Amino acid sequence: MRLVTFVPAGEVPRLGAWAEGKIIDLAAALPACPGEVTELLERGEPGMAIARQALTAGLGNPRAWHAPGTVRLLAPVPRPGKILGIGRNYGAHAAEGGLAAQEQPRIFIKLASSVIGTGAPIPKPPRVIELDYETELAVVIGRRARSVSESEAASCIAGYTILNDVSARELQFDVSPPQTSFAKSMDGFCPMGPALATPDEFADPGNIRLRGFVNGELVQDGSTHDLIFPVPHLIAYLSSYLALEPGDVIATGTPSGVGVFRKPPRFLAPGDVVRMEIAEIGVLENRVVAAD
């Protein structure tokens, strides 16, 4: 399934599934299905089973259908409890910055208030000059995970989405001490979407292709095969320190090609359109605008 959180015109957010070119309102198709994604995830596998039943019922019920162009997509998980980012987790990205591979994951935080969906504007604060993009595969947690092993990690994954780890590089790199979490947590600095794709949508989660574009130009083209710390390792590592809860998000890192390491550097400006693609998930696209 590809789960979405969508807003029909004049209504409140709804839980849906994107299938056969339509958005299926799952609760409208099957009232037993939760109408909100975190509630669905908290129900575990029984909740996902109900969602699959609702999708099947909805495909045969035109009253549960919405055309994608008639609704607004929010982030699949609009307000995650935690967003944990992993820095320099692709070999090629570490190399482009002139850095060796790390021995342990480097963790930072993105605030939930920075989350937006596809199509929403990315505000560029007037004081931010070095605004950058990062195409990332994000993992959405499906059940509580505390001190799980790598072999148990797959059972903790609800699915995957695309995340743009927007960053103010001058606050990340040019100040002492670095202000990494602040540089990555400003309003609109965490576009996510368009969907949460369940693991069965992926032939090989260890080899997922990610592509990023700025104004139509391909700037990032990588694969999770290049991850220094694969997803099972990240879940095991993080859960050894804190509990991961349903709806929490892990941003797994970005491939090479970010703006700060290009020659010359290429930073985002108002009017730029950032487009990110993972075939199994869809397209995440946002335009940069000048913040008030």
Task: Subset tally (residues that are under 23 Å from ILE208 (Cα atoms) and either in contact with a His (Cβ under 8 Å, 6 or more places away or on another chain) or charged (D, E, K, R) (or both)) for region 262-292 - done: 4
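To keep it simple, each residue is scored yes or no on (1) in contact (Cβ under 8 Å) with a residue 24 or more places away in the chain; (2) in contact with a helix residue (DSSP H, G or I) (Cβ under 9 Å, 6 or more places away or on another chain); (3) within 21 Å of LEU171 (Cβ to Cβ).
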site: PRO199; (1), (2), (3): yes, yes, no
site: PHE202; (1), (2), (3): yes, no, no
site: ASN207; (1), (2), (3): no, yes, no
site: PRO232; (1), (2), (3): yes, yes, no
site: ALA279; (1), (2), (3): yes, no, no
TODO: Could you tell me which numbered condition ARG146 fails, if it satisfies all but one of (1) assigned by TED's automatic domain parsing to the domain that holds GLY193; (2) over 24 Å from ILE235 (Cα atoms); (3) of a type in the set (Lys, Arg)?
DONE: (2)
TODO: Specify the residue that is nearest to GLY47 (Cα to Cα); the eligible residues are those in region 128-148 that are crowded, with 23+ Cβ neighbours inside 10 Å and acidic (Asp, Glu).
DONE: GLU136
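Output the residues belonging to region 247-275 that are outside any loop (DSSP other than H, G, I, E, B) and under 20 Å from the mean Cα position of the chain (by Cα).
As a first pass, look at region 247-275 and keep what is outside any loop (DSSP other than H, G, I, E, B): 249-251, 259-261, 273-275.
Within region 247-275, VAL249, ILE250, ALA251, GLY259, VAL273, VAL274, ARG275 qualify.
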Open item on the list: Under 6 Å between Cβ atoms, which residue pairs at least 6 apart in sequence (or on different chains) link something in region 12-25 that is at negative phi with a partner that is assigned to a strand (DSSP E or B) and of a type in the set (Phe, Trp, Tyr)?
Closed with: ARG14/PHE6; GLY16/PHE6; LYS22/TRP65; ILE23/PHE6
TODO: Can you tell me which residue among PHE267, PHE261 is in the same structural domain as PRO230 (by TED's automatic domain parsing), aromatic (Phe, Trp, Tyr), surrounded by 15 or more Cβ atoms within 10 Å (Cβ to Cβ) and over 30 Å from ASP204 (Cα atoms)?
DONE: PHE267
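The values are calculated or read from the model by the stated rules, or taken from the named source; none is laboratory data. Keep in mind that this is a model prediction, so the values were computed, not measured. No Cβ is skipped: glycine too gets one built from the backbone with ideal geometry, and neighbour counts run over all protein chains shown.
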